[in-house]
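Everything on this sheet refers to the single structure shown next.
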Amino acid sequence: MTERTLVLVKPDGVQRQLAGRIIARFEERGLKIVGLKFVKVDRALAERHYAVHKGKPFFDGLVAFITSSPLVAIAFEGPNAIGMVRTMVGATKPADAVPGTIRGDLAVEMGQNLIHASDGPETAATELAIWFRPEELVSYEREIDRWVRGPEAR
Ligand code: IDP
Ligand code: MG
């Protein structure tokens, strides 16, 4: 099923100048960019995005970090995109993230694990609405998509 999911290249990714490389990994896989923006996050947006973690011991540090410096927000679309992106991102704790995943290749610190990715269909819908206005998510067809849809689409 075609899905859309939210990816954030968090401030550590921008600071380490890895934003392009991280976006490229999803692009190379074949996921389609349907929204993209560079954002200096304020506290209200950070608290909305991480509302599920409110009250946890790491919440204040997480909000402080994500508001400290700009990030890149991307909406990706593709077959089973939500789970596919999570698999590519790897475990939250970089020590547990297997090589080949983005965190497993590029991160060592839990608080600087480079990426946020929606963890299910409900969160993807909620998070995409937090980060993008409807008109900022663009539907378009690539030439290769016609081959996926079958002969009558070509
Ligand atoms: P996820 O990013 O893999 O979905 P979540 O459990 O949703 O992981 O946590 C959100 C973010 O909060 C993590 O990516 C990480 O940066 C941070 N975080 C989660 N748990 C801890 C912790 O125990 N200590 C410090 N930071 C944490
Ligand atoms: Mg999460």
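The values are calculated or read from the model by the stated rules, or taken from the named source; none is laboratory data. Keep in mind the model is a prediction, meaning the values are calculated, not measured. Cβ atoms come from the backbone with ideal geometry, glycine included; neighbour counts cover every protein chain shown. Surface accessibility is based on the protein's heavy atoms, side chains included, excluding ligands, DNA and RNA. Shrake-Rupley method; radii C 1.70, N 1.55, O 1.52, S 1.80 Å.
Based on this model, can you work out whether L8 counts as within 11 Å of ligand 1 (Cβ to nearest atom), part of a strand (DSSP E or B) and closer than 19 Å to A125 by Cα?
It is true that L8 is within 11 Å of ligand 1 (Cβ to nearest atom), part of a strand (DSSP E or B) and closer than 19 Å to A125 by Cα.
Out of (1) open to solvent by less than 30 Å² (accessible area, probe 1.4 Å); (2) over 30 Å from I144 (Cα atoms); (3) touching a Gly at 6+ places or on another chain (Cβ under 7 Å), what's the single condition that is false for I82?
(2)
Hey, does region 115-123 have a residue that's away from ligand 1 (no atom under 14 Å from the Cβ) and either open to solvent by less than 30 Å² (accessible area, probe 1.4 Å) or assigned to a loop (DSSP other than H, G, I, E, B) (or both)?
No - not one qualifying residue is present in region 115-123.
If the requirement is being open to solvent by 70 Å² or more (accessible area, probe 1.4 Å) and at pLDDT 95 or above, which of these qualifies: P57, P70?
None of the others qualify; the one that does is P57.
Name the single residue, out of those in region 11-45 being without any contact (Cβ under 8 Å) to a residue 40 or more places away in the chain and assigned to a strand (DSSP E or B), that is most open to solvent (accessible area, probe 1.4 Å).
F38
Condition check ((1) under 24 Å from R29 (Cβ atoms); (2) within 17 Å of the chain's Cα centre (by Cα); (3) within 12 Å of ligand 2 (Cβ to nearest atom)) across all residues:
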residue	(1), (2), (3)
A73	yes, yes, no
N80	yes, yes, no
M84	yes, yes, no
E127	yes, yes, yes
V148	yes, no, no
